[in-house]
Amino acid sequence: MSQIETVGIVGAGQMGSGIAHVSAVAGYKVLLYDLAADRIEKGIATVNGNMARQVAGGKLTESDRKAALERISPAPALQDLADADLVIEAATEDESIKRKIYAQLCPVLNPTAILATNTSSISITRLASSTDRAERFIGIHFMNPVPIMKLVELVRGIATDNGTFESAKEFVRRLDKTTTVSEDFPAFIVNRILLPMINEAIYTLYEGVGTVEAIDTAMKLGANHPMGPLQLADFIGLDTCLSIMQVLHDGLSDTKYRPCPLLVKYVEAGWLGRKSGRGFYDYRGEHPVPTR
């Protein structure tokens, strides 16, 4: 079992900055990398803002906020992650991009370092095979938003050794989060169940069974969901939803996982949800308005 003290994170977006946040609060030294310096600065600013909200809500003290922020350092180049004990890749959900990152990252890492991916759907075994450390490679899938959601999925590839698995479990435990262990099947547990539900909600809209508002209201009040499935899809990102459905459809070869044509159309239009300003709702005004 490896002793983890320094955590490197590849990707300073919504997920990467969230992982940096919880890691720093837990006492780890954090190195945050992204392709451009302004993305790293934006990621650290996001962490600062989210920590400030935790202070205002009484979930974090001001002194703990300052101490946690001091533990986060920008890593302008992948070489700056050389001393990390654990590196978590939190890049976009695209296998080719992840493989390119590993090709550049592995030669600079400490040979004993654990490499993890935050993928929400892609095969851990397949990703591990493109690295120089399949035994020390594991899936550590955080839920979004990371500072709030308590669950982390741990996914072992076929070659992941016990020491790596136990180190990852201890890392998550120190973050004060709960682990669930999934076998290495497409989309693991959470998204294997969640995304087909969202896709079915989009089919329900596509076929004219109900409007955006009717579908979300029905699931919030009829199934006691905190957020309607179309609202949730916009929050996740429609491109991410489509990517996961494609992984399920390709990996399991079952027509029940076929992405809804309307989801494809929205992604092709660049209507990706909250992050682009439009998805199943239009977020450009004072209040979100259904687009259909």
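Each reported figure results from applying straightforward, stated rules to the coordinates on display, with no laboratory input. Source: prediction; values computed, not measured. Please note: Cβ atoms are built from the backbone with ideal geometry, for glycine as well, and neighbour counts cover all protein chains shown.
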Would you kindly derive the ³J(HN,Hα) couplings of the stretch 4-10 from the backbone phi angles with the Karplus curve 6.51 cos²θ - 1.76 cosθ + 1.60 (θ = phi - 60°), listing them in order in whole Hz, with x for Gly and Pro? 9, 10, 10, 10, x, 10, 9
Env charge @ Ile193, Cβ radius under 13 Å, K,R +1 / D,E -1, value 0
Sorting check: for 238-249, 97-108, which peptide has the highest mean count of neighbouring beta carbons within 10 Å, and how do the rest follow? 238-249, 97-108
Averaging over every viewing direction, what projected area does the convex hull of the Cα atoms of the chain cover, in nm²? 15.2 nm²
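Where Lys and Arg each count +1 and Asp and Glu each count -1, what net charge lies around Thr291 among other residues with Cβ under 14 Å from its Cβ?
Numbers: positive: Lys265, Arg274, Arg278, Arg284, Arg292; negative: Glu213, Asp216, Asp234, Asp282.
Value of the local net charge: +1.
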For the chain, modelled as a Gaussian network with Cα springs under 10 Å, which listed residue fluctuates most, Asn118, Asn144, Asn224? Asn224
Neighbour-count order for Glu166, Glu93, fewest beta carbons within 10 angstrom listed first: Glu166, Glu93
Give the dimensionless ratio obtained when the Cα radius of gyration of the stretch 191-290 is divided by 2.2 N^0.38 Å. 1.02
Overall Cα dimensions of the stretch 105-232, principal axis frame, Å, largest first: 55, 29, 24
Relative contact order of the stretch 191-290, pairs being alpha-carbon contacts under 8 Å that are 6 or more residues apart, as %: 26 percent
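Per residue and in cubic angstrom, what volume does the convex hull of the Cα atoms of the stretch 67-130 have?
Values: hull volume 6.5 nm³, N = 64.
Roughly 102 Å³ of hull volume per residue.
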